[in-house]
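The values are calculated or read from the model by the stated rules, or taken from the named source; none is laboratory data. Source: prediction; values computed, not measured. For neighbour counting, all protein chains shown are included, and Cβ atoms are generated from backbone atoms with ideal geometry for every residue, glycine included. The accessibility values were calculated without ligands, DNA or RNA, using every heavy atom of the protein model including side chains. Shrake-Rupley method; radii C 1.70, N 1.55, O 1.52, S 1.80 Å.
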Amino acid sequence: TVGTQTDYRDGEAQTDPFSPEYVVPSGSVPELLTLATLTWGRGLPAGLAEVEMIERAREKRAWEATLPPMENASQIAKRRKMMDDMERKEWAFREQEIEKLQEVRLEVLKKLLRRREKNQNELDAKRLDDHWQNHQKAKEEKIKKIQHDCALMLRKLIAKRKNVMGKLERRDIIKEYTDFASQTYAPLSRIGYFPDNHSEHYVVKNVYLSTFAGLCELETSLPDSVTQVKIKAPKPKYTTSKTGYIRRSARLELVLAQVHQALLEKKNKVKEPKKPLRFLEKIEKPVPRPPTPVLEKPSIEEEETELAVICLQQLLRGRAIQNMMFEGKEKRLELIRELRTTHALQEDGQLLLKAEEQTTLALQQQRDLQMHKLSSVEKRLAREEGRVLANIFDFLSKELVRLQEERRIHAFVMLAERQRRMREAEESGRRQVEERRRQEEDEIFKQARKGDCTIDSYLEDIILSSVENTAEEQAREEIQRMAVEINDVAYEMESRRTCLQSEEIVAELVYDFLIPEAEKMASREKVRQAQRKHIYAAHQIIHRGVE
């Protein structure tokens, strides 16, 4: 009455059938003891080969009983002849067994060879199929490329044929706007127009979708039937019991409903008119059958006797099968009980597995939903980051171009300024020479007219004026020489400057121009966010007051 569950399989728990002890009376050799070498799994239960072996052993024992005794010397030759004949028979029997064994091995070897040949043929066919498919794919790709090139060349030829003489045509704007297949309405990307550009203009921007407060307000405005789904369990078509089985009355009602439906369909079925024959067919007459043989009718007594014997045989066979089944059931009653308990435990385990599977599926669905939300958030963040980085890089590239242009213009200005100064210096030198010559001539004329001044004062004035002129010329030459040296040094530094030094100069310029602009934009955004909070609160107060 107690069910147990072991840690071993049924095959491991099985043992050999029980063999009770026995006592052999003296002077008797039972035939059953000659089969002591047969054990369970090695000859038992007995098959055709074991039955033949038992029959041969019986024949050998009968032959040994017919042998003449060893005490009679006149019968020794006969005994030897009988033993030689028996030995020949045994050798012939062994040869037959060896031949049978070899035939069995040969059949097994043939089966293995056929199986190996079949597998090899399948492998070769598979390889050929793969090779053929690869060639087909390459052929299709080549044909597709040829067709694409053909279409391209045809378009080029058609475009060339439209204007064979090479005349320039003026653009007809009215014709382009009246034709919806023109480049105005449907531009081609190979001409340089990409329809995906500026696609952000078509993105729907809504306060309810871009802000958290808008999402909360949108969620509160939705009805409960959208956020809280109610699922009604379907009603069963037929009533079941508490254990889950269909009641007999429900099954009977279902069968009656099916029969009623079938009767209605048969009653309302309209007979289809017979279709006319499309083709006349010649029906060949079958070959006449031979006459059926007639058996002589047995007598009533023999028929009754035969029926009684058949009935008795059926009763005996049925009773024998019933007894065998009952004995087998009694022998394996404990195993049947153990299997019943095992099946009950397996059903409990299956229910637990189903519950675990349902929980796992629910967790997987939740994880997929969370991953979808995270991916959408990451996409939006990546889009915003890309937009900001694109704007920053655009600004930096423009600033770099502007700085390069500014430096180039500054260099041109410096060169022009240097040339202007050199020309001014040359002009001023010529003017000073002319003025000096004029002053000398005036002074000579004055001194010649005065006559009062002595020659010493005259010479002193000439020496002083010549000293001043010489000092001024030397100073001007020194200044020009220093300007040339400074220009050479500046040009040499410009040629020796590396990329890293240029990047440092650009970085300093960018730092001076970009960082203050970014800080200014961040401060403006903070002020805008703060103002948006107050505006949102004011809107809520106004809407609440209006409501």
Notebook entry, point to check: Taking region 63-162 on its own, what percent of its Cα-Cα pair distances exceed 25 Å?
Noted result: 69 percent
Margin query: Rounded to the nearest 20 debye, what is the charge dipole size of the chain about its Cα centre when +1 sits on each Lys and Arg Cβ and -1 on each Asp and Glu Cβ?
Written below: 4500 debye
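Counting only heavy atoms of protein chains, what accessible area per residue, in Å², does region 51-164 have with a probe of 1.4 Å? All intermediate terms of the calculation are to be shown ahead of the outcome.
Numbers: 10860 Å² over 114 residues.
Roughly 95 Å² per residue, with all protein chains present.
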Next item on the list: Could I have the simple spin-label model distance between R544 and E485, label points 7 Å from Cα toward Cβ, reported in nm to one decimal?
Entry: 8.2 nm
Check: To the nearest 0.05, what FRET efficiency results for Y177 and E517 with a Förster distance of 41 Å applied to their C-beta separation?
Finding: 0.45
Notebook entry, point to check: Which residues make up the longest stretch of the chain clear of chymotrypsin sites (Phe, Trp or Tyr not before Pro) that lie in a DSSP loop with no more than 16 other Cβ atoms within 10 Å, not counting the sites?
Noted result: 280-547
Margin query: Explain nothing, just compute: Karplus ³J(HN,Hα) = 6.51 cos²θ - 1.76 cosθ + 1.60, θ = phi - 60°, for every residue of region 522-539 in order, whole Hz, x for Gly and Pro.
Written below: 4, 5, 4, 5, 4, 4, 5, 4, 5, 5, 5, 4, 5, 5, 4, 5, 5, 4
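K118 to I392: extension gain in nm, 0.36 nm per residue of separation minus the Cα-Cα distance? Provide the component values of the computation, followed by the final result.
Details: separation 274, 0.36 × 274 = 98.64 nm, distance 6.89 nm.
Between K118 and I392, full extension yields 91.8 nm more.
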Checklist line | Inter-site label distance for M493 and K137 at 7 Å from Cα along Cβ, in nm | finding: 6.5 nm
Check: How much accessible area per residue does region 315-447 have, in Å², with a 1.4 Å probe?
Finding: 92 Å²
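Of the GluC sites (Glu not before Pro) in region 53-126, which ones lie in a loop per DSSP and count no more than 10 other C-beta atoms within 10 Å? Kindly include the intermediate steps, with their values, before the conclusion.
Details: sites: E55, E59, E64, E71, E87, E90, E95, E97, E99, E103, E107, E117, E122; in loops: E71.
In loop regions of region 53-126 (DSSP not H, G, I, E or B), the sparsely surrounded GluC sites (Glu not before Pro) are E71.
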Next item on the list: Give the residues of region 73-101 whose amide nitrogen is closer than 19 Å to a point set 7 Å from the Cα of L67 in the direction of its Cβ.
Entry: 73-94
Checklist line | Accessible carbon and sulfur surface of the chain relative to its total accessible area, %, 1.4 Å | finding: 59 percent
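List the relative contact order of the chain as a percent without decimals, with contacts defined as Cα pairs under 8 Å and 6+ residues apart.
Values: 51 pairs, mean separation 66.2, N = 547.
Across the chain, relative contact order equals 12 percent.
How much length is gained if the chain between T227 and T184 is pulled fully straight, taking 0.36 nm per residue apart and subtracting their Cα-Cα distance, in nm to one decimal? Walk me through the intermediate numbers first.
Details: separation 43, 0.36 × 43 = 15.48 nm, distance 4.66 nm.
Here the answer is 10.8 nm.
I'd like the FRET efficiency for S299 and N323, computed as 1/(1 + (r/R0)^6) with the beta carbon distance as r and R0 of 30 Å, rounded to 0.05.
Numbers: r = 36 Å, r/R0 = 1.20.
The pair S299/N323 has a calculated efficiency of 0.25.
Name the shape class, rounded, prolate or oblate, that the alpha-carbon gyration tensor gives for the chain, where a ≥ b ≥ c are the square roots of its eigenvalues, rounded holds for a/c under 1.5, and otherwise prolate holds if a/b is larger than b/c and oblate otherwise.
Details: a/c = 3.08, a/b = 2.52, b/c = 1.22.
It is prolate, given that a/c is not under 1.5 and a/b is the larger ratio.
Thinking of region 301-429 as a set of Cα atoms, what percent of all their pairs are more than 19 Å apart?
Across region 301-429, Cα pairs with separations above 19 Å total 82 percent.
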